[in-house]
1. Name the residues in the range 160-187 that are open to solvent by 50 Å² or more (accessible area, probe 1.4 Å) and over 13 Å from Leu236 (Cβ atoms), would you?
2. Would you mind stating whether Ser143 is out of contact with any strand residue (DSSP E or B) (no Cβ under 6 Å at 6 or more places or on another chain), free of Cβ contacts under 8 Å to residues at least 60 places away in the same chain and either closer than 15 Å to Ile121 by Cβ or basic (Lys, Arg) (or both)?
3. Output the qualifying pairs, or none if there are none: Cβ atoms under 8 angstrom, residues six or more apart or on different chains, first residue in the range 58-79 and over 16 Å from Ser106 (Cβ atoms), second residue acidic (Asp, Glu) and not in a loop (DSSP other than H, G, I, E, B).
4. For the range 176-200, how many residues are among the hydrophobic types (A, V, I, L, M, F, W, C), assigned to a strand (DSSP E or B) and under 21 Å from the mean Cα position of the chain (by Cα)?
5. Taking the conditions exactly as written (modelled with pLDDT of 95 or more and within 22 Å of Gln150 (Cα to Cα)), does Pro227 satisfy them or not?
6. Conditions first: (1) in contact with a Ser or Thr (Cβ under 7 Å, 6 or more places away or on another chain); (2) of a type in the set (A, V, I, L, M); (3) in a loop (DSSP other than H, G, I, E, B). Leu203 passes all but one, so which condition is the exception?
7. Among the candidates Glu252, Glu246, Glu256, which residue alone is of a type outside the set (A, V, I, L, M), out of contact with any strand residue (DSSP E or B) (no Cβ under 6 Å at 6 or more places or on another chain), in a helix (DSSP H, G or I) and open to solvent by less than 40 Å² (accessible area, probe 1.4 Å)?
Amino acid sequence: MALLKFLTGLFRPKADDKTPDPEALEEELSAAEEEQWDEHFFQESCLKRDQFWGAVGQVETDMLGHLISPSLTGGPAWPTTRQAYRVIRRKNTILIATDGLSDPFSGVSGGENGFELELFIETPDIDPEHAGQAGEIGSIVKSWAFEIIQNVAGTVAGAGGINAQLDRYTVLSVEIPGVSQSHSVQTQVPKRFITDDDCIGVLIGAPRQNFGTEITDMPLSPVRIVPVTIITAAELVYIRANGAAERILLAEKLAESGIGNVTAFMRPDMI
């Protein structure tokens, strides 16, 4: 806004050049100060997320993102137009995590850290061709894991966040339809994870990971770190038939088995 007013001033007739209007000057200063505060909270949020993931594994310096934000082309809106993903390498697994669902809302003073959560998926089963070596993340966008986390992130953003639902139900389940139309899931995920009606099931929020579940010192509000775990077709069919209680039971069995939140293709059915 300040820039627009400045340009307007350049083309104003000389006769209008008088002492600046104090109210207009105050508005411009306030807008500049607000922009500075927005940038401060954004940078502080990035720093806290970096510190959190740095304690979990080897964080790739580069991020995965979009040339054009999906929110500008009809996709679900994140708190800002920035929709990015981090890659964290652990000893035996790779994590892909959203980076931006907890950005402070653009143009909103104060408030919260976006949707107050970030999502991640953890797995040992990304094909080496897509996983690459440390410092190589470009091919991860071609993996089933990236396609899953991107899809779930869109669902969560479209809902305006899911913390209230997690508080109520502890663990959520989502069905992603149209697997046969997917870019990567249809060819990279074993058929036992895909239902006869072309869906794949996902647990959100449980089992809990073996590292921190919250970034408590974000600049505006605490942020949850929420796991996303795909489940087998048999498990999804069972949840469909038996409801929320079985969803919680499945999460408990995965935790008890030691598999936890990790999506592992070789694991047995838990139900």
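The values are calculated or read from the model by the stated rules, or taken from the named source; none is laboratory data. Everything numeric in this text was worked out from a predicted model, so none of it was measured. Note that each Cβ is placed from the backbone with ideal geometry, even for glycine, and that neighbours are counted across all protein chains shown. The area values use the complete protein model at the heavy-atom level, side chains included, leaving out ligands, DNA and RNA. Shrake-Rupley method; radii C 1.70, N 1.55, O 1.52, S 1.80 Å.
1. Initially, the range 160-187 is screened for residues open to solvent by 50 Å² or more (accessible area, probe 1.4 Å), giving 164-165, 167-170, 175, 177, 180-181, 183, 186-187.
Scanning the range 160-187 gives Ala164, Gln165, Asp167, Arg168, Tyr169, Thr170, Ser180, Gln181, His183, Gln186, Thr187.
2. Values: out of contact with any strand residue (DSSP E or B) (no Cβ under 6 Å at 6 or more places or on another chain): yes; free of Cβ contacts under 8 Å to residues at least 60 places away in the same chain: yes; either closer than 15 Å to Ile121 by Cβ or basic (Lys, Arg) (or both): yes.
For Ser143, the condition - out of contact with any strand residue (DSSP E or B) (no Cβ under 6 Å at 6 or more places or on another chain), free of Cβ contacts under 8 Å to residues at least 60 places away in the same chain and either closer than 15 Å to Ile121 by Cβ or basic (Lys, Arg) (or both) - is met.
3. Close Cβ pairs satisfying both conditions: Val59/Asp50; Met63/Asp99.
4. Let us first name the residues in the range 176-200 that are among the hydrophobic types (A, V, I, L, M, F, W, C), namely 176, 179, 185, 189, 193-194, 199-200.
The next check asks that each one be assigned to a strand (DSSP E or B); those that pass are 176, 194, 199-200.
If we keep only those that are under 21 Å from the mean Cα position of the chain (by Cα) too, we end up with 176, 200.
So the count comes out to 2.
5. Considered against the rule, which asks whether it is modelled with pLDDT of 95 or more and within 22 Å of Gln150 (Cα to Cα), Pro227 comes out as yes.
6. Of everything listed in (1) in contact with a Ser or Thr (Cβ under 7 Å, 6 or more places away or on another chain); (2) of a type in the set (A, V, I, L, M); (3) in a loop (DSSP other than H, G, I, E, B), Leu203 misses just condition (3).
7. Details: Glu252 fails: open to solvent by less than 40 Å² (accessible area, probe 1.4 Å); Glu256 fails: open to solvent by less than 40 Å² (accessible area, probe 1.4 Å).
On inspection, the qualifying residue turns out to be Glu246.
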